Amino acid sequence: MSILKVARMGHPVLRQKCEPIDPKKIKGPDVQRLIRDMFETMAEYHGVGLAAPQVHQPVQLVIAGGEVDDEGRTKFRILINPEITVLDEDSTSGMYEGCLSLPGLTGWVERPDQIKVKAYDHTGKQIEFELEGYPAIVMQHECDHLQGILYTDRIEDMTKFSFDEEARRYLEPQLDEDEDDEEERGDE
Ligand code: ZN
């Protein structure tokens, strides 16, 4: 396994539309190695999600966290060729998002908070499930990467685009008091 270099905003790989992966190749060594390397890279940088173009691979593969299992541990989903359907256009939620491709920065983004996801998993099986709230936000952030979209494209109020430290101090000071929210601010 290896820790991969993360592309930063400005690199063209983050702005291209990613190619779908042939489902027959999901179980093959190349895709499986990419999945392992992406996990290792995400863990190294404390991400809650990672999309393949962020490690210079313009293919439709994402890892997305945000859900917790019965024991309270973060659960990560590996998705290939994901398709998102918004279930309720009127129901949105916002948060300060971060991204491993924009280190040290954060911005307030509103997104639909109920979605349906259709994709292949890491074994090549077709899966479909619904997400709500924080995991739905993480998933949309990751899937945006596959279309060459960064969260900065979705910030409506640029006064809410900030360095992390200043956001904690001036824009969202309650986060400093509540360590439990720390995990929710992981970069994607
Ligand atoms: Zn990101």
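The values are calculated or read from the model by the stated rules, or taken from the named source; none is laboratory data. If you're wondering where the values come from, they're calculated on a predicted model, not measured in any experiment. Reconstructed Cβ throughout: ideal geometry from the backbone, glycine too, with neighbour counts over all protein chains shown. Remember, those area values only see protein heavy atoms, side chains included, never the ligands or the DNA or RNA. Shrake-Rupley method; radii C 1.70, N 1.55, O 1.52, S 1.80 Å.
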| Taking the stated definitions as given, is Ile149 at pLDDT 95 or above, farther than 19 Å from Leu87 by Cα and within 12 Å of the ligand (Cβ to nearest atom)? | yes
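Quick check, is Thr123 open to solvent by 20 Å² or more (accessible area, probe 1.4 Å), of a type in the set (S, T, N, Q) and over 13 Å from the mean Cα position of the chain (by Cα)? Reasoning before the result, please.
Values: open to solvent by 20 Å² or more (accessible area, probe 1.4 Å): yes; of a type in the set (S, T, N, Q): yes; over 13 Å from the mean Cα position of the chain (by Cα): yes.
It is true that Thr123 is open to solvent by 20 Å² or more (accessible area, probe 1.4 Å), of a type in the set (S, T, N, Q) and over 13 Å from the mean Cα position of the chain (by Cα).
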| query | Looking at region 27-35, is at least one residue at pLDDT 95 or above, surrounded by fewer than 21 Cβ atoms within 10 Å (Cβ to Cβ) and closer than 16 Å to Lys5 by Cβ? | reply | yes
| said: Of everything in region 39-67, what is surrounded by 23 or more Cβ atoms within 10 Å (Cβ to Cβ) and assigned to a helix (DSSP H, G or I)? Give them in sequence order. | reply: Met42, Ala52, Pro53, Gln54
| Among all residue pairs at least 6 apart or on different chains, which show Cβ distances below 7 Å where the first residue, located in region 81-94, is closer than 24 Å to Glu19 by Cβ and the second is assigned to a strand (DSSP E or B) and hydroxyl-bearing (Ser, Thr, Tyr)? | Asn81/Tyr120
| Hey, among the residues in region 152-188 that are at pLDDT 95 or above, more than 21 Å from His11 (Cβ to Cβ) and of a type in the set (S, T, N, Q), which one's nearest to the ligand (Cβ to nearest atom)? | Ser162
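Being closer than 24 Å to Gln147 by Cβ, open to solvent by less than 10 Å² (accessible area, probe 1.4 Å) and in a strand (DSSP E or B) is true for just one of Leu14, Leu79. Which residue is that?
Numbers: Leu14 fails: in a strand (DSSP E or B).
Criteria check complete, one pass: Leu79.
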| said: Among the residues of region 33-61, what is the count of those that are over 18 Å from Lys17 (Cα atoms) and not acidic (Asp, Glu)? | reply: 14
| remark: Of the residues in region 95-110, those that are under 30 Å from Asp22 (Cβ atoms) and either part of a strand (DSSP E or B) or among the polar types (S, T, N, Q) (or both) number 1
